[in-house]
1. Restricting to the range 6-28, name every residue that is open to solvent by 10 Å² or more (accessible area, probe 1.4 Å), more than 9 Å from the ligand (Cβ to nearest atom) and at pLDDT 95 or above.
2. Can you tell me which residue in the range 250-264 is most open to solvent (accessible area, probe 1.4 Å), limited to those that are of a type in the set (D, E, K, R) and more than 11 Å from the ligand (Cβ to nearest atom)?
3. So which of 90, 53 ends up being more than 22 Å from residue 411 (Cα to Cα) and of a type in the set (Asp, Glu)?
4. If I filter the range 29-36 for residues that are open to solvent by less than 30 Å² (accessible area, probe 1.4 Å), more than 21 Å from residue 129 (Cα to Cα) and assigned to a strand (DSSP E or B), do I get at least one hit?
5. Determine which single condition residue 267 fails, assuming it passes every other condition in (1) near the ligand (Cβ under 9 Å from one of its atoms); (2) open to solvent by less than 10 Å² (accessible area, probe 1.4 Å); (3) touching a Lys or Arg at 6+ places or on another chain (Cβ under 9 Å).
6. Would you confirm, using the coordinates I've provided, whether residue 394 is open to solvent by 10 Å² or more (accessible area, probe 1.4 Å) and at negative phi?
7. What's the number of the condition residue 297 fails, among (1) surrounded by 16 or more Cβ atoms within 10 Å (Cβ to Cβ); (2) farther than 17 Å from residue 405 by Cβ; (3) within 13 Å of the ligand (Cβ to nearest atom); (4) of a type outside the set (D, E, K, R)?
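The values are calculated or read from the model by the stated rules, or taken from the named source; none is laboratory data. Note that the coordinates shown come from a computational prediction; the quantities given were computed from them, not determined experimentally. No Cβ is skipped: glycine too gets one built from the backbone with ideal geometry, and neighbour counts run over all protein chains shown. Accessible surface areas use protein heavy atoms only, side chains included; no ligands, DNA or RNA. Shrake-Rupley method; radii C 1.70, N 1.55, O 1.52, S 1.80 Å.
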Amino acid sequence: MAEKKTFYITTPIYYPSNKLHVGNSYTTVAADAMARFKRLTGYKVWFLTGTDEHGQKIQRQAEATGKPPADFVDEIVEWIKELWQELDIEYDDFIRTTESRHKEKVARIFERYYEQGDIYKGKYEGLYCTPCEAYWTERQLEDGNCPDCGRKVELIDEEAYFFRMSKYADRLLKHIEAHPEFIQPPSRKNEMINNFLKPGLEDLCVSRTSFDWGIPVPFDQDHVIYVWLDALSNYITALGYGEEGSIYEEFWPADVQLIGKDILRFHTIYWPIFLMALGEPLPKTVFGHGWLMLQEGKMSKSKGNAIDPMVLAGRYSSDALRYFLLREIPFGQDGIFSLESFITRINNDLANDLGNLVSRTLTMAERYFDGVLPKPSAGEENTDQELRGTAQNTPVAVESAMDQMKISDALAELWLLVRQSNKYIDDNMPWNLAKDPASRERLGTVIYNLIESIRFIAVILKPYMPRTPESIWEQIGISGNEELQQWESLDQWGRMKPGTAVRRGEDLFPRLNLQAEIRAMRADKPLEEKAAGEPEEAEEQAGLINLEQFQQVDLRVAEINSAEKMPKSDKLLKLEVDIGEETKRQVVAGLAEYYQPEELIGRQVLFVANLKPVKLRGVLSQGMLLAATGDDGILALTTVDKTMAPGSRIS
Ligand code: MSP
């Protein structure tokens with residue numbers, strides 16, 4: 001058997017300086033979707049994430065809380081791991097830079113640089129931004145502040161080791177120019193060349209002496225290794241770089257290193273040079289994605305405007321959050337996170353498009369075929385061909401988008417199939433086919449095709465939303481059939497077996513009330529908590545009515561005394577109902593497509609007695625019968641389950 005192709009993908013390792021916000025989660029969710037997609041399509045994947053735990057910033061933050069740095073980071077790392085679990089991040093390894101497997105290798109790497117003359121000792125007198133852990137020159141500052149984060153820089157004056165960056169600058173420039181795929185998206189490439197490489201690379205200070213929370217320089221214990229040299233090495237130390245029999249040979253160089261655009265310089269200048277000095281190949285692609293912003297600007301842990309991904313996932317489901325992050329923002333560009341756009345995506349794409357498709361189809365399969373998947377007929381009509389064509393093209397289109405790291409486009413391709421399937425229902429109107437026994441075979445074909453299309457959708461959806469397909473598989477009766485959940489099973493249309501038991505489950509994504517969600521999230525407390533303490537406000541928040549408002553509707557039991565078709569109308573019936581009053585009420589109702597007049601006589605139905613009378617087609621209607629309407633257009637009158645005196649109140 002041929003060896004599987006490998007795929008190594010990394011995220012930045014996060015500073016455990018504070019809880020992560022939804023912006024940080026963005027990188028990891030994207031990397032996870034990519035990793036899952038590659039696994040699904042047959043690659044042997046290694047997905048690495050972790051935490052960057054050393055440095056002055058962490059040491060100061062720990063001091064501020066009165067905790068030793070090791071205890072301080074332990075707590076946050078636990079929280080980060082829980083977050084990844086909550087968001088279904090399926091990483092293969094989680095590296096902490098405080099682990100000895102990392103520290104020992106970084107010390108060896110530093111020693112080697114020193115021995116081969118890439119590192120020399122000197123004195124650093126210059127500027128430093130601690131939040132970014134970055135050195136700056138006077139010329140690079142913007143308004144006297146750090147050009148990256150806008151915060152104050154500090155003057156430091158200490159003995160230090162330096163890395164001869166300039167020695168490798170030409171080689172790097174050539175590599176970047178010869179490998180257009182190295183810096184992605186391409187727009188970021190010129191920024192690096194023009195702002196950093198062309199003006200000439202200065203040697204980089206790679207050790208500090210004014211604090212000790214770091215990896216000591218092995219031959220000069222007053223120094224700790226600069227946190228970025230320490231951190232960047234994680235991508236190879238985690239693979240066991242330098243160890244006999246490690247997976248390093250198998251997975252390095254990385255296929256994709258995903259990062260935010262703010263740390264591009266470290267990954268496309270320092271990191272490749274550190275690798276060149278080790279004689280190791282460079283990653284194939286470093287992809288700098290955009291920022292997730294708030295309407296008021298960049299989200300940041302220290303600004304206190306960060307949105308907690310744990311709260312969002314807890315309230316709306318991690319699948320919904322993942323979908324939003326991956327779909328809303330073209331990967332690579334900046335995008336805005338707002339609750340409005342999030343809820344709108346949930347309601348439109350997940351509840352209306354996907355959720356309705358599944359619930360309508362399964363309702364019809366239960367109603368018309370007792371939950372047994374019918375057999376499709378051999379012949380195909382135009383709409384069948386269209387649906388099958390879209391379904392068969394979707395895996396190809398999705399894979400091609402993913403290969404170009406266009407994750408949002410991949411989901412857009414998948415949604416073409418979701419929408420096409422909904423259109424297929426509207427075009428074929430199964431509820432009409434169900435009325436005519438001669439159309440039974442056609443009805444079976446339509447339901448079969450819908451379920452097969454839903455299977456395609458669920459298989460393709462899995463890397464992006466890992467939980468939803470499980471529920472879909474359950475509903476279409478293939479949760480025990482792994483073969484039909486594989487990417488390879490999409491090579492052929494029609495693999496669902498007629499006779500499979502299918503069953504409608506809970507709605508995948510109930511629709512949300514936007515205003516209520518905005519109010520609840522602004523209050524910054526989950527709705528349930530508020531309901532306990534402040535009932536009135538909570539009711540208003542959820543868009544609820546109180547009892548008094550409900551009682552304004554006069555609901556009664558009405559007995560139908562007579563029913564007849566309205567002249568010149570296919571839809572309307574004219575009824576006379578008894579609600580215990582002296583005179584009977586006359587009602588015009590849109591029931592003609594669902595009931596024969598004679599079958600209604602004598603029925604007791606729920607009735608709204610205090611609606612303002614209206615004239616329909618010139619005939620007075622004095623009230624309204626209540627009926628349930630299904631997604632598939634089925635209508636059922638609501639009745640009482642014992643015979644009651646006409647006019648009985650409903651409360
Ligand atoms: N520890 C360094 C990375 C070292 S990698 C060898 C670091 N950590 S961080 O926690 O500050 O940021 C981690 C990642 O989160 C970065 O890729 C950064 O770009 C990303 N983001 C931080 N805020 C973000 C948004 N608002 N939106 C999108 N990504 C964001 O930098």
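1. Scanning the range 6-28 gives 6, 7.
2. 250
3. 53
4. Checking the range 29-36: not a single residue is open to solvent by less than 30 Å² (accessible area, probe 1.4 Å), more than 21 Å from residue 129 (Cα to Cα) and assigned to a strand (DSSP E or B).
5. (3)
6. On the way: open to solvent by 10 Å² or more (accessible area, probe 1.4 Å): no; at negative phi: yes.
Taking the combined requirement at face value, the residue does not satisfy it.
7. Going through (1) surrounded by 16 or more Cβ atoms within 10 Å (Cβ to Cβ); (2) farther than 17 Å from residue 405 by Cβ; (3) within 13 Å of the ligand (Cβ to nearest atom); (4) of a type outside the set (D, E, K, R) one by one, residue 297 breaks only (1).
A quick yes/no check of all residues on (1) in a helix (DSSP H, G or I); (2) open to solvent by 70 Å² or more (accessible area, probe 1.4 Å); (3) over 30 Å from residue 250 (Cβ atoms):
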{"position": "45", "(1), (2), (3)": "no, no, no"}
{"position": "59", "(1), (2), (3)": "yes, no, yes"}
{"position": "67", "(1), (2), (3)": "no, yes, yes"}
{"position": "71", "(1), (2), (3)": "yes, yes, yes"}
